[in-house]
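Here the structure is laid out as structure tokens; the discussion comes afterwards.
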Amino acid sequence: MTNSWTDIKNTDLVVVMGGNAAEAHPCGFKWVTEAKAHRGAKLIVVDPRFTRTASVSDYYAPIRPGSDIAFLMGLINWMILNDKVQWEYVKNFTNAAFIVKDEFGWSDGLFSGYDPEKRDYDKSSWDYVIGEDGFAQIDMTLEHPRCVWNLLKEHVSRYTPELVEQVCGTPKDKFLKVAEMIGECSAVDKTMTSMYALGWTQHSKGAQNIRGMAMLQLVLGNIGVRGGGMNALRGHSNIQGLTDVGLMSNLLPGYMNIPTEKEKDWTTYMSSRSFKPLRPGQTSYWQNYPKFMVSFMKAMWGDAARADNDWAFHYLPKLDVPTYDILRMFDLMNEGKITNYFCQGFNPLLSFPNRGKVTSALSKLKLLVVMDPLETETAHFWENHGEYNDVDTASIQTEVIELPTTSFAEDDGSLVNSGRWMQWHWAAATPPGQAKRDTWIMSQIFLRMKKMYQDEGGPFPDPILNLTWNYKDENEPSAEELAKELNGRALADVFDLKDATKLLTAQGKQLLNFSQLRDDGSTMSACWIYSGSWNEEGNNMARRDNSDPDDTGAFLNWSFAWPLNRRILYNRASADMQGKAWDPSRKLIEWNGEKWAGYDVPDIAPTAKPDEVGPFIMNPEGSSRLFSRGMMRDGPFPTHMEPFESPLANVFNPEMRGNPVARVFAKDADQFATSDEFPFVATSYRLTEHFHYWTKHNRINAALQPEFFVEISEELAAEKGITKGGTVRVWSKRGSITAKALVSKRLRPLQCGDKLVHVIGIPLHWGFMGAARKGFGPNSLTPFVGDANVETPEFKAFLVNIEPATGEVVS
Amino acid sequence: MNIDLSRRGFLKLAGAGVAATSLGAMGFGAAEAAEQAHVRAFKLASTTETRNTCTYCSVACGILIYSKGDVAAGEEAHVVHIEGDADHPTNRGTLCPKGAALKDTVLSATRLTQPRIRRPGSDTLEDISWEEALDKIARALKDDRDANLIETNDAGVPVNRWTSTGFLAASATTNETAWLTYKVVRSMGIVGFDNQARV
């Protein structure tokens, strides 16, 4: 989230599209209710299903799964045609004025540079014209035909309300009503918030869905303001934290990157990370990358990371492919190329696409280690549970070790919520039986490995032997010790960069925040964005002062929000070019003639003059990007792409299937279906009574929603002769499931041009372990393909068929 | 400063104050005081209250866990009750149908309590000691890393990449566990490393 849960009360309009907050995030959704009740805010829901969020909305519009980009580009087109643009914001705070290379273009659904053989773009034309002064050329009048604004105008002009209706199945009048309501938020005293979740991410073009809304929010001037923003509702309690700390194939902590093997040394690695400003006087804060990186290497390897050995650069693995993400790993596993696999609190047998392939892959491992508080399906993948897990146990040679871990109730530490609040919690109970903390387990594995390398030797043991491990109890480092490493400390005295006599932090002390990080090896910090969370003032994550001066919703003294305790990202954009709040009733920070001050920690240097330094300090432009240059694989603007399995051909290019640059493994492509054989669109969703595959272990939740079902419209039920509460079989080209039929008015067929599209909803909470009745999940059916940029699987739009099956009828 | 006056403690203090002043003011005598004394105490008054966070979604509602016993004091403790934290700015004491039933997840019959192993081809899980399980895991890792670590690529560039063992990290562990996991996994050279964020 750019903003926070408690900030939602400041909004005038909530748009829930790509999510279902009332059911999946009920206590956060209360802030929507608050905004409606006390501010008169309106709620719009755009969703294939009339969800419980929709049931309390002011306006609902249906949409075909996987067509969101067309809807969003249609909205931007409508805003431009109807002058619903926050012009000062767009001109000064976005890259609307930047001139783009002549070679850049779009035709037939594809941008310039497409290579069908490589399924990739040559992105060299997707960039600005750079002048002789080394800066990007701009035209503040927005008249230049090649400026981003005019290219955007042309790009979105194709997305007329008629095209939106044809592609999305959203009736034109409903689309126009949504556009009118949103258009009101281009006024400086009106704002809108976007709340989205996996309904947008789980597509082969998920990242572009989100960009589409981010661009709309920029056009309306709604980023960086109270009640505005792009608010990703993260699904799990610390998925934000695990990503912040870099537990992904291609990441280092704090959104730095693992080197690729093309970056053969430190100098080469850093050469593409100079982040030189693209406009005069801009902050381009990533210029501090070397400080963050050296401090991380010191946190990992201490004295073994030195200037004369490139800070132990070769201790880091180097990638030969963009990522060894979960899809690639399970594909490799299925090819027999993976020996050992760990699942730490994760249940891939139900979470990853194409369960048949997942089972086959797990069966080829030598060793599977599962660390979990609960009995997961993954740990029991070899166990026959009749139709719910029909495997040949004796033929599966995988050894499985199941390790009992603690739950939240038995562990101390911090979790990061959606709004980036780092909240400390304390253990309340003794672990059951022999259950152990993950920190103990990881330490035991590490210490054993280290000893074996000491005793036996082996290839390149250096990064293991030299890993920093200065803990009071080497067998179980404490949460406090680890949290302090995340914050960072001074390894030598740290002085002011502008005044070498001024001592900032003495050797051995916790650093104040990341402004004190250095690239000379005198500081360590495991995750630079967390710096400030545990400094010499103590554990700021444990702060519990819930006062909120003037009721802004900021709660600055409650926990600690990264970065620097900032509650609303880009908050400098809440004020105009003179530094005055666009909306005085929603003041956030203002320029007082000397510095920025107000209700939040300024997201800009405190003395940066408002007419000189742009608000988007992480970008070398100083502005936000309506045109994202070559930073995304599938285009600098979002363009409509169909799901890999779709009942409709792409309206711009009937030959194009799915996302033209998404990675597809050969054997998976053979398992993609067409609508001739599988005529219905399926989509997965969550229920408010359940949390993923955990609460089926809980008797109360298991009783609240005891049995697996699929949801269909009355029209589809009539067409297929399916009775309410009857049993149905749903199958795709990859698998088959049986379920109770929930026939409801919440799903209606969508008229997309001359095609009537039926949608089937499949909730995701059942399996074969726990207290609930056995059932299936959608992943028995889903395709094995992910988003082109981040490889999130396409769970939200795929093709199935359905028929009545025999079974007990319940109503 | 972190104010750490628990709600239970606050109730006790406030309650004692009210009782002392009003009883005195109304002229209650010894009999009434004796009657007061054998009224059963508020159940949660004999428990330890701990601040925690709901383990499910990232609204991250504040919760209060009430336990018999005090882990902070080194005692055995088990959870008897969980409720919303009324002081928390986001949820203000409220919980959803999942959060309201949290205790039954902590105390679920399918909580794991013992390391177990399923041998190749077997149809059962058998108990195994921690020592034996960890030795086995470490041996498997060492053998595979020794056999499959790619130290340099074809161009002779050091790559220190280990692709044949993978690690899938959690979505609800703490940042501190995440950091320790990161250290261990990355120092070995593992690149098949992901968490639920990708899914």
Are there any strands (runs of 3 or more DSSP E) wholly within segment B:140-199 with 2 or more residues that are buried (at least 23 other Cβ atoms within 10 Å of the Cβ), and if so which? B:158-168, B:190-194
Which of the residues belonging to segment A:410-435 are closer than 22 Å to A:R226 by Cα and of a type in the set (V, I, T)? A:V416
Taking the condition acidic (D, E) and in contact with a strand residue (DSSP E or B) (Cβ under 8 Å, 6 or more places away or on another chain), does A:D519 pass? no
So which of A:E474, A:E480, A:E485 ends up being of a type in the set (D, E, K, R), in contact (Cβ under 8 Å) with a residue 24 or more places away in the chain and at the interface with chain B (Cβ under 7 Å from one of its Cβ atoms)? A:E485
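Among the residues of segment B:119-131, is any touching a Leu at 6+ places or on another chain (Cβ under 6 Å) and either surrounded by fewer than 19 Cβ atoms within 10 Å (Cβ to Cβ) or within 8 Å of chain A (Cβ to nearest Cβ) (or both)?
Applying the first criterion (touching a Leu at 6+ places or on another chain (Cβ under 6 Å)) to segment B:119-131 yields none.
Within segment B:119-131, none of the residues are touching a Leu at 6+ places or on another chain (Cβ under 6 Å) and either surrounded by fewer than 19 Cβ atoms within 10 Å (Cβ to Cβ) or within 8 Å of chain A (Cβ to nearest Cβ) (or both).
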Collect the residues in segment A:623-676 that are within 23 Å of the chain's Cα centre (by Cα) and outside any loop (DSSP other than H, G, I, E, B), keeping them in residue-number order. A:S624
Scan segment A:499-511 and give yes if some residue there is without any contact (Cβ under 8 Å) to a residue 24 or more places away in the chain and within 32 Å of the chain's Cα centre (by Cα), otherwise no. no
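Within segment A:315-334, track down each residue that is of a type in the set (V, I, T) and crowded, with 21+ Cβ neighbours inside 10 Å. Explain how you work it out, then say what you get.
Quick first cut of segment A:315-334, residues of a type in the set (V, I, T) only: A:321, A:323, A:326.
Once the filter is applied, which keeps residues that are of a type in the set (V, I, T) and crowded, with 21+ Cβ neighbours inside 10 Å, segment A:315-334 yields A:T323, A:I326.
Restricting segment B:72-93 to residues that are touching an Asp or Glu at 6+ places or on another chain (Cβ under 8 Å) and surrounded by fewer than 23 Cβ atoms within 10 Å (Cβ to Cβ), which is nearest to the other protein chains (Cβ to nearest Cβ)?
B:P89
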Is one or more of the residues making up segment A:455-464 in contact (Cβ under 8 Å) with a residue 40 or more places away in the chain and over 33 Å from the mean Cα position of the chain (by Cα)? yes
Which residue is nearest to B:A72 (Cα to Cα), if the candidates are limited to segment A:422-439 and must be more than 7 Å from chain B (Cβ to nearest Cβ) and either without any contact (Cβ under 8 Å) to a residue 24 or more places away in the chain or touching a Lys or Arg at 6+ places or on another chain (Cβ under 9 Å) (or both)? A:P431
Select from segment A:358-376 the residues that are more than 25 Å from the chain's Cα centre (by Cα), more than 18 Å from B:A140 (Cβ to Cβ) and more than 9 Å from chain B (Cβ to nearest Cβ) and list them in ascending order. A:T359, A:S360
Condition met for A:L350 (at the interface with chain B (Cβ under 9 Å from one of its Cβ atoms), over 26 Å from A:W562 (Cα atoms) and not basic (K, R)): no
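Looking at segment A:438-446, is at least one residue of a type in the set (S, T, Y) and either on the phi > 0 side of the Ramachandran plot or over 34 Å from the mean Cα position of the chain (by Cα) (or both)? Walk me through it before giving the result.
Narrowing segment A:438-446 to residues of a type in the set (S, T, Y): A:439, A:443.
Pick out the ones that are also either on the phi > 0 side of the Ramachandran plot or over 34 Å from the mean Cα position of the chain (by Cα) (or both) and you get none.
No, segment A:438-446 has no match at all.
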Residue satisfying all of: in segment B:157-169; touching a helix residue (DSSP H, G or I) at 6+ places or on another chain (Cβ under 7 Å) and hydrophobic (A, V, I, L, M, F, W, C); farthest from the other protein chains (Cβ to nearest Cβ) among these: B:W162
Tally of residues being assigned to a strand (DSSP E or B) and not hydrophobic (A, V, I, L, M, F, W, C) across segment A:59-111: 4
I need the full set of residues from segment A:679-700 which are surrounded by fewer than 21 Cβ atoms within 10 Å (Cβ to Cβ), touching an Asp or Glu at 6+ places or on another chain (Cβ under 8 Å) and not charged (D, E, K, R), in order please. A:L687, A:T688, A:I700
Listed by first then second residue, the pairs whose first member lies in segment A:657-668 and is at negative phi, whose partner is of a type outside the set (K, R) and surrounded by fewer than 22 Cβ atoms within 10 Å (Cβ to Cβ), with beta carbons under 6 Å and at least 6 positions apart or on separate chains, are A:V661/A:D120; A:F665/A:D331
What are the pairs, 6+ residues apart or on separate chains, where a residue within segment B:137-156 that is more than 7 Å from chain A (Cβ to nearest Cβ) has its Cβ under 6 Å from a residue that is basic (K, R) and surrounded by 14 or more Cβ atoms within 10 Å (Cβ to Cβ)? B:I150/B:R161
Checking A:E719 against (1) part of a helix (DSSP H, G or I); (2) buried (at least 21 other Cβ atoms within 10 Å of the Cβ), only one condition comes out false. Which one? (2)
State yes or no: is A:P259 at the interface with chain B (Cβ under 8 Å from one of its Cβ atoms) and over 14 Å from the mean Cα position of the chain (by Cα)? no
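Starting from residues that are free of Cβ contacts under 8 Å to residues at least 40 places away in the same chain and among the hydroxyl-bearing types (S, T, Y), keep the ones in segment A:400-421 and report whichever is nearest to the other protein chains (Cβ to nearest Cβ).
Here is the first cut: in segment A:400-421, the residues free of Cβ contacts under 8 Å to residues at least 40 places away in the same chain are A:400-404, A:406-407, A:409-410.
Of the ones still in play, those that are also among the hydroxyl-bearing types (S, T, Y) are A:406-407.
Details: A:T406: 9, A:S407: 6 Å.
Top of the filtered list is A:S407.
Would you list the strands (runs of 3 or more DSSP E) that sit entirely within segment B:42-138 and hold 3 or more residues that are under 25 Å from A:T393 (Cα atoms) and over 16 Å from the mean Cα position of the chain (by Cα)? Step through it out loud before you land on a result.
Numbers: elements: B:48-53, B:62-68, B:78-84, B:116-118.
Here the list reads B:116-118.
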Can you find a residue that is facing chain B (nearest Cβ under 9 Å), surrounded by fewer than 16 Cβ atoms within 10 Å (Cβ to Cβ) and charged (D, E, K, R) anywhere in segment A:448-458? yes
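Is it fair to say B:T113 is of a type in the set (S, T, Y), at the interface with another protein chain (Cβ under 7 Å from one of its Cβ atoms) and exposed (fewer than 15 other Cβ atoms within 10 Å of the Cβ)?
Working: of a type in the set (S, T, Y): yes; at the interface with another protein chain (Cβ under 7 Å from one of its Cβ atoms): yes; exposed (fewer than 15 other Cβ atoms within 10 Å of the Cβ): yes.
Spelling it out, B:T113 is indeed of a type in the set (S, T, Y), at the interface with another protein chain (Cβ under 7 Å from one of its Cβ atoms) and exposed (fewer than 15 other Cβ atoms within 10 Å of the Cβ).
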Which listed residue, of A:A312, A:A299, is surrounded by fewer than 22 Cβ atoms within 10 Å (Cβ to Cβ), hydrophobic (A, V, I, L, M, F, W, C), within 11 Å of another protein chain (Cβ to nearest Cβ) and touching a helix residue (DSSP H, G or I) at 6+ places or on another chain (Cβ under 7 Å): A:A312
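Residues checked against (1) crowded, with 20+ Cβ neighbours inside 10 Å; (2) part of a loop (DSSP other than H, G, I, E, B); (3) of a type in the set (A, V, I, L, M); (4) modelled with pLDDT of 95 or more:
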site	(1), (2), (3), (4)
A:A702	yes, no, yes, yes
A:K733	no, yes, no, yes
A:G761	yes, no, no, yes
A:W766	yes, yes, no, yes
A:F784	yes, yes, no, yes
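The values are calculated or read from the model by the stated rules, or taken from the named source; none is laboratory data. Owing to the predicted nature of the structure, the values given are computational and were not obtained by experimental measurement. No Cβ is skipped: glycine too gets one built from the backbone with ideal geometry, and neighbour counts run over all protein chains shown.
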